[in-house]
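See below for the structure under consideration.
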Amino acid sequence: MTNSLKEALAELYVINSQYEKALSLFAELLKPEVFEFIEKHSLHDAIHDKVVNLMLLDCKRAVHLLIQHRDIIPPYEVVEQLLHASKSCDKKYLLHQYLHALFEVDIHAGKDYHDMQLELYADYEPRMLLPFLRTSQHYRLDKAYEIFAQKEFVKEQVFVLGRMGNAKEALSTIINKLEDIQEAVEFVTEQHDDELWDELIRQCLQKPEMVGMLLEHTVGNLDPLYIVSLVPDGLEIPKLRDRLVKIVTDYRTETSLRHGCNDILKVSHLHFTTLVYLSSILHVC
């Protein structure tokens, strides 16, 4: 049957109020007005087998429709249809669009597909990986690490290693691959593990430049004198003198601020005590 005949037949079905039959033909013909037709005649129950065509017609509108009515068309039906779609369409991209939108609406609704979703994010939207990793509890850590190792997504590897309990390996990855001391310090701080601070120093001592950068991030976390005392004889640290001068200056500034705050608190306490005393006298009078 030609498309012209199908279209004519669909119109006859509409005239005879055979809306589901008309919908099948409109979907097959990829008619843009099919979405309005579904809403107008409340045909949500009739789109179970039309997921792929609707997605091909208008992915954004189809995803919105499918998620809005996921009680009628559950995620497993949508995913199964997309997985078995013809090779002519980019089914992985369609899956990504649907699962991403579903996750934003309900983080648990597509939990059975979160391993798959990791791969899809890695392929289509890597920036969403870390937010997804932090939010979802339904993916396999080993699977996630395998994906990130293949793609060389270092920050994601670090996150997963931390979740696995491999804090030392995660720290090593930050230092050797990211070469980001600030991130290393933040990571160790979040772990609340004193031994990890020693591990941070030990690994940095293998790279002179890293020792110098570590000294710039010691205020409130590490004793710079302790770090310097561990530096092996003969190890040249770039800009060591300038960095030590900055540490001393920062320390003096911090000490001065602390003393200033203490003086202000003392004055405030005196004023408060005086006000309380005067208030008590006036109350008696």
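Read the figures in this text as sums done on the coordinates, not as results from a lab. Just so you know, these numbers come straight off a predicted model, no measurement behind them. Counting neighbours? That spans all protein chains shown, and the Cβs are built from the backbone with ideal geometry, glycine included.
Remark: the chain carries a charge dipole of roughly 420 debye about the Cα centre, counting +1 on each Lys and Arg Cβ and -1 on each Asp and Glu Cβ.
Highest mobility in the GNM of the chain, judged by mean-square fluctuation with C-alpha springs under 10 Å and restricted to I201, I15, I38, is found for I15. Between G165, F37, A122, the Cα set farthest toward the positive side of the dipole of the chain (charges on each charged residue's Cβ, about the Cα centre) is that of F37.
Ordering C204, C89 from the fewest to the most neighbouring beta carbons within 10 Å gives C89, C204.
In the frame of its principal axes, the chain has Cα extents of 89, 77, 28 Å, reported largest first. The relative contact order of the chain, computed from alpha carbon pairs under 8 Å that lie at least 6 residues apart in sequence, is 7 percent. Between the helical axis of 19-28 and the longest alpha-carbon principal axis of the chain there is an angle of about 70 degrees. In plain terms, the residue of M164, M55, M128 with the fewest other Cβ atoms within 10 Å comes first and the most crowded comes last, giving M164, M128, M55.
Against the chain, whose longest principal axis comes from its Cα atoms, helix 91-105 is set at around 60 degrees. As I understand it, the value is the acute angle between the Cα axis of helix 114-124 and the longest principal axis of the Cα atoms of the chain; what does it come to in degrees, rounded to 10? Approximately 90 degrees, to the nearest 10. Straightening the chain between E236 and E104 buys 42.4 nm, computed as 0.36 nm per residue apart minus the Cα-Cα spacing. In the chain, the DSSP-assigned H stretches of four residues or longer account for a calculated mean residue ellipticity at 222 nm of -21500 deg cm²/dmol, using -39500 (n - 2.57) per stretch and the full residue count as denominator. For the range 30-101, taking Cα atoms only, Rg and Dmax work out to 11.2, 32 Å respectively. Phi-derived couplings, Karplus 6.51 cos²θ - 1.76 cosθ + 1.60 at θ = phi - 60°, listed residue by residue for the range 147-157: 4, 6, 5, 5, 8, 6, 8, 6, 4, 5, 4 Hz, with x used for Gly and Pro. With the convex hull constructed from alpha-carbon coordinates only, the range 35-189 shows a mean projected area of 10.1 nm² over all directions. What residue among H96, H44, H114 shows peak mean-square fluctuation when the chain is described by a Gaussian network model with Cα springs under 10 Å? Of the options given, H44 has the highest mean-square fluctuation.
Put a plus charge on the Cβ of each Lys and Arg, a minus charge on the Cβ of each Asp and Glu, and nothing anywhere else: the dipole of the range 15-148 about its Cα centre is then about 180 debye. Each of S229, S172 has some number of other Cβ atoms within 10 Å of its Cβ, and from fewest to most they run S229, S172. Rounded to the nearest 0.05, the FRET efficiency derived from the C-beta distance between H138 and V245 at R0 = 45 Å is 0.30.
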